[in-house]
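Shown next, in structure tokens, is the structure this report addresses.
The values are calculated or read from the model by the stated rules, or taken from the named source; none is laboratory data. Computed from a predicted model, the values in this text were never measured in an experiment. Cβ coordinates were reconstructed from backbone atoms using ideal geometry, including for glycine residues, and neighbour counts include every protein chain displayed. Areas reflect the complete protein model, heavy atoms only, side chains present, ligands, DNA and RNA absent. Shrake-Rupley method; radii C 1.70, N 1.55, O 1.52, S 1.80 Å.
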Amino acid sequence: MNRNIGYLFDLISVITEKELKVRYKSSILGYLWSIANPLLFAMIYYFIFKLVMRVQIPNYTIFLITGLFPWQWFASSTNNSLFAFIANAQIIKKTVFPRSVIPLSNVMMEFLHFLCTIPVIIVFLLIYDMRPHISWLWGVPIIALAQMIFTFGLSLMLSTLNLFFRDLERFITLGLMLMFYCTPILYSLDLIPEQYRSFVEGNPLSLLIICWRDLFMNGNLDLLYISELYIYAFAMMLIGGWIFNKLKYRFAEIL
């Protein structure tokens, strides 16, 4: 049992390291790109919503980045998952190993990028005369694990289905764009009319962003939201695992 766990851990580490090397090969700035992208969008959204539209949300810069950084982890993992098996076709054909490790490694890689953004959040907190909370020590692992389970389940499902329905990537691109604006990243729940608020709160990504933002800005963990988030996460994991196990035996012939 311990040997199998060690083998899986080593396998995930090797594949994650490979993905990182491939992504940043010949890149001068390297990991800084994972921070630069959401920061650039934060500047654009700040200009539009705070300076032009004058949205009345205190500490709007921190409000934005505490939503954009977790979203970046989710969106990048989802996009990368579409080609996870296709990009590793030769390894799948020639080597026997748990195929599910490939999309998991993509999620882990983006998680490492997310961890690199936490110091940026701390810097902005200090600029706005705010401080990190001790609750981060247990809050970050709790929420991160829920996001990892949810994202891995979704990635496992999408990476599998995309082998058989190549048009799926077009729908996912549109779906992510739609979900971005249906998730309270640029706005708070208070700005949503009461009759529509239940639709937003029923979105698991809304729960995720609200949990991260409340933790980073206020040091709070809402146990009700956390519980709901884990229910969504395990449900997605079960769906993704079921689809993967149904279709994994046909990978070789498709690839």
- Task: Identify all residues within the range 89-105 that are open to solvent by 10 Å² or more (accessible area, probe 1.4 Å) and either under 12 Å from the mean Cα position of the chain (by Cα) or of a type in the set (A, V, I, L, M) (or both); write none if there are none.
- Result: ALA89, ILE91, VAL96, LEU104
- Task: Kindly list, by first and then second residue, each pair from a residue in the range 116-128 that is more than 16 Å from PRO58 (Cβ to Cβ) to a residue that is surrounded by fewer than 18 Cβ atoms within 10 Å (Cβ to Cβ), limited to pairs with Cβ atoms under 7 Å and residues at least 6 apart or on different chains.
- Result: CYS116/TYR31; ILE122/PRO132
- Please name all residue pairs, on different chains or six or more residues apart, with Cβ atoms under 8 Å, provided the first residue is in the range 189-214 and is under 24 Å from PRO132 (Cβ atoms) and free of Cβ contacts under 8 Å to residues at least 24 places away in the same chain and the second residue is of a type in the set (S, T, N, Q) and open to solvent by 20 Å² or more (accessible area, probe 1.4 Å). ASP214/ASN220
- How many residues are open to solvent by less than 50 Å² (accessible area, probe 1.4 Å) and aromatic (Phe, Trp, Tyr) when one looks only at the range 190-224? 2
- Matching residues in the range 107-139 (acidic (Asp, Glu) and open to solvent by less than 20 Å² (accessible area, probe 1.4 Å)) number 1
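Which count do you get for residues in the range 77-93 that are in a helix (DSSP H, G or I) and either within 16 Å of LYS248 (Cβ to Cβ) or in contact with a His (Cβ under 7 Å, 6 or more places away or on another chain) (or both)?
8
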- Message: Pairs needed: first member in the range 236-255, modelled with pLDDT of 90 or more; second member anywhere, aromatic (Phe, Trp, Tyr) and open to solvent by 40 Å² or more (accessible area, probe 1.4 Å); C-beta distance under 7 Å; at least 6 residues apart or different chains.
- Response: none
- Being open to solvent by less than 40 Å² (accessible area, probe 1.4 Å) and over 18 Å from the mean Cα position of the chain (by Cα) is the filter here, so list the residues in the range 162-189 that pass it. ASN162, LEU163, LEU168, SER188, LEU189
- Task: Pick out the one residue from ILE86, ILE142 that is within 24 Å of PRO204 (Cα to Cα), surrounded by 14 or more Cβ atoms within 10 Å (Cβ to Cβ) and in contact with a helix residue (DSSP H, G or I) (Cβ under 8 Å, 6 or more places away or on another chain).
- Result: ILE142
